[in-house]
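Working notes, beginning with the structure itself.
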Amino acid sequence: MDLYYFYNLVIQSDIELYGLSGYNNSNNRIPDVVVKLKDSLPQDIISKTGKGIVAEHQTNYAWFYCYAGCFIIENGCSIHVYPKDGITDNELSGFILGWGLSFIFLEKGYTAIHSSALSFKHVVFLISGQSGVGKSTLSSYLLKHGYKYLTDDITYVSPDTDYVVFPGIPIQKICREAALKISEKELLIYTDSKKDKYAYKNIKDFESNPGRLKVLFLIEISPNDSLEFIELSGPDKLTAVLESLYMKNMFGYTHFPIEEKIRCLKIASAIKVIKIRRPATGNTIEEICNYIQKYLEVNICQL
């Protein structure tokens, strides 16, 4: 079993976890999370999946079923993986690093936000939004203009750590079209046959120092032709944070923990939230980038 280090956790895994830093356990630290491959799926889960149930969650226990197999998470410290035939370790790793660790961190008091975390003059901000709104394109544009990223797809935030965002994995999820444009093919890992996605090991733009979260930029498609920037307040800030949750769809299958709602309320109260409404057509990336940079520069003393 290999050892990895992530968000101050030592992870021991039967499956190679792409992008994570290896851990030299010279001090014999007991692993915080153990990932094990398993063969025989418990009968009760077989019965439930046969009835169309794809996930369950309760305190210290969760499981989910997907095209790659079944994953059982227990006590905030173990992930048991029951892979389907023909599934690669890279595909299993994607679900472990996604839903699997998100359940682990949920038990440890962290909220998983579906976002990229970027850094500008030591100010950390998030870019979030539904699939297809352009957040990956915007993040890539900002990286080309001197910004750094701490996380690419999931950002873990906790009021208990003063909203500090720790560096995640120096990996960016990209589509085939973007992968074809990268010359260093050895830095690409094919991770998702269903969505035809790659992982790109981008170390040069990675920020290795943690920073306190200050702003959430939530992007959505507008029915209008104009580009709008709206600074939210009150209940609208909470709604924006809830809309950005990585576990939002999973909670629809299970239930929404009250502790998670309380954390979201605290996060919304502690940060600025800007909604960016962009038209469905036309290239507005440069204009959005200019707004973000100007907003951060003008407000950096207050952030």
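The values are calculated or read from the model by the stated rules, or taken from the named source; none is laboratory data. Predicted model only: the values in this text are computed from it and were never measured. So basically every Cβ, Gly included, is an ideal-geometry build from the backbone, and we count neighbours across all protein chains shown.
So, residue 295, is that one closer than 30 Å to residue 65 by Cβ and at pLDDT below 95 or not?
Considered against the rule, which asks whether it is closer than 30 Å to residue 65 by Cβ and at pLDDT below 95, residue 295 comes out as no.
For segment 246-267, indicate whether the set of residues that are in a strand (DSSP E or B), under 27 Å from residue 108 (Cα atoms), modelled with pLDDT of 95 or more and not β-branched (Val, Ile, Thr) is non-empty. First the steps, then the outcome.
Looking only at segment 246-267, we keep the residues that are in a strand (DSSP E or B), and these are none.
No, because not a single residue in segment 246-267 is in a strand (DSSP E or B), under 27 Å from residue 108 (Cα atoms), modelled with pLDDT of 95 or more and not β-branched (Val, Ile, Thr).
For segment 226-243, give me the residue count where each residue is on the phi < 0 side of the Ramachandran plot and not in a helix (DSSP H, G or I).
Going residue by residue through segment 226-243, those that are on the phi < 0 side of the Ramachandran plot are 226-233, 235-243.
Filter once more, so that each one left must be not in a helix (DSSP H, G or I): 226-233.
Matching residues across segment 226-243 total 8.
Tell me which residues, restricted to segment 99-118, are touching a residue at least 60 places away in the same chain (Cβ under 8 Å), buried (at least 19 other Cβ atoms within 10 Å of the Cβ) and of a type in the set (Gly, Ala, Ser).
Within segment 99-118, 100, 102, 112, 115, 117 qualify.
Can you tell me which condition residue 16 does not meet? The list is (1) assigned to a strand (DSSP E or B); (2) touching a residue at least 40 places away in the same chain (Cβ under 8 Å), and all the others hold.
Exception for residue 16: condition (1).
Only one of 215, 241 is touching a helix residue (DSSP H, G or I) at 6+ places or on another chain (Cβ under 6 Å), outside the structural domain of residue 7 (by TED's automatic domain parsing) and over 29 Å from residue 92 (Cβ atoms). Can you tell me which? Full working, then the answer.
Numbers: 215 fails: touching a helix residue (DSSP H, G or I) at 6+ places or on another chain (Cβ under 6 Å).
Residue meeting the stated conditions: 241.
Does segment 32-45 contain any residue that is at pLDDT 95 or above, within 29 Å of residue 201 (Cβ to Cβ), in a loop (DSSP other than H, G, I, E, B) and among the hydrophobic types (A, V, I, L, M, F, W, C)?
no
For segment 253-274, what are the residues that are touching a residue at least 24 places away in the same chain (Cβ under 8 Å) and either hydrophobic (A, V, I, L, M, F, W, C) or in contact with a His (Cβ under 7 Å, 6 or more places away or on another chain) (or both)? Spell out how you get there, then give the answer.
So the first thing to find is which residues in segment 253-274 are touching a residue at least 24 places away in the same chain (Cβ under 8 Å), and the list is 253-255, 257, 259-260, 263-274.
Matches in segment 253-274: 254, 255, 264, 265, 267, 268, 270, 271, 273, 274.
Can you pull out the residues in segment 203-243 that are among the β-branched types (Val, Ile, Thr) and either under 19 Å from residue 295 (Cα atoms) or surrounded by 12 or more Cβ atoms within 10 Å (Cβ to Cβ) (or both)? Steps first, answer last, please.
Going residue by residue through segment 203-243, those that are among the β-branched types (Val, Ile, Thr) are 203, 215, 219, 221, 230, 239, 241.
Selection gives 215, 219, 221, 230, 239, 241.
Output the strands (runs of 3 or more DSSP E) that fall wholly within segment 130-202 and possess 2 or more residues being touching a Phe, Trp or Tyr at 6+ places or on another chain (Cβ under 9 Å), assigned by TED's automatic domain parsing to the domain that holds residue 246 and more than 27 Å from residue 281 (Cβ to Cβ), or say none. Even if it seems obvious, please write down each step before you answer.
On the way: elements: 148-151, 154-157, 171-175, 188-192, 197-201.
Fully inside segment 130-202 and qualifying: 148-151, 154-157.
State all residues of segment 244-262 that are surrounded by 13 or more Cβ atoms within 10 Å (Cβ to Cβ) and either at positive phi or β-branched (Val, Ile, Thr) (or both); if no residue qualifies, say none.
Hit for segment 244-262 is 254, nothing else.
Considering only segment 278-303, state which residues are among the acidic types (Asp, Glu) and either part of a loop (DSSP other than H, G, I, E, B) or within 15 Å of residue 230 (Cα to Cα) (or both).
Step one: list which residues in segment 278-303 are among the acidic types (Asp, Glu), which gives 286-287, 297.
The one that is among the acidic types (Asp, Glu) and either part of a loop (DSSP other than H, G, I, E, B) or within 15 Å of residue 230 (Cα to Cα) (or both): 287.
Could you check segment 54-94 and list, in sequence order, the residues that are assigned to a strand (DSSP E or B), of a type in the set (Gly, Ala, Ser) and either at pLDDT below 95 or surrounded by 20 or more Cβ atoms within 10 Å (Cβ to Cβ) (or both)?
Restricting attention to segment 54-94, the residues satisfying the condition of being assigned to a strand (DSSP E or B) are 55-58, 61-66, 69-74, 78-83.
Next, from what is left, pick out any that are of a type in the set (Gly, Ala, Ser): 55, 62, 69, 78.
Those that are assigned to a strand (DSSP E or B), of a type in the set (Gly, Ala, Ser) and either at pLDDT below 95 or surrounded by 20 or more Cβ atoms within 10 Å (Cβ to Cβ) (or both): 55, 62.
Between a first residue in segment 26-44 that is touching a residue at least 12 places away in the same chain (Cβ under 8 Å) and a second residue that is acidic (Asp, Glu), which pairs have beta carbons less than 7 Å apart while being 6 or more apart in sequence or on different chains?
35/14; 36/14; 37/14
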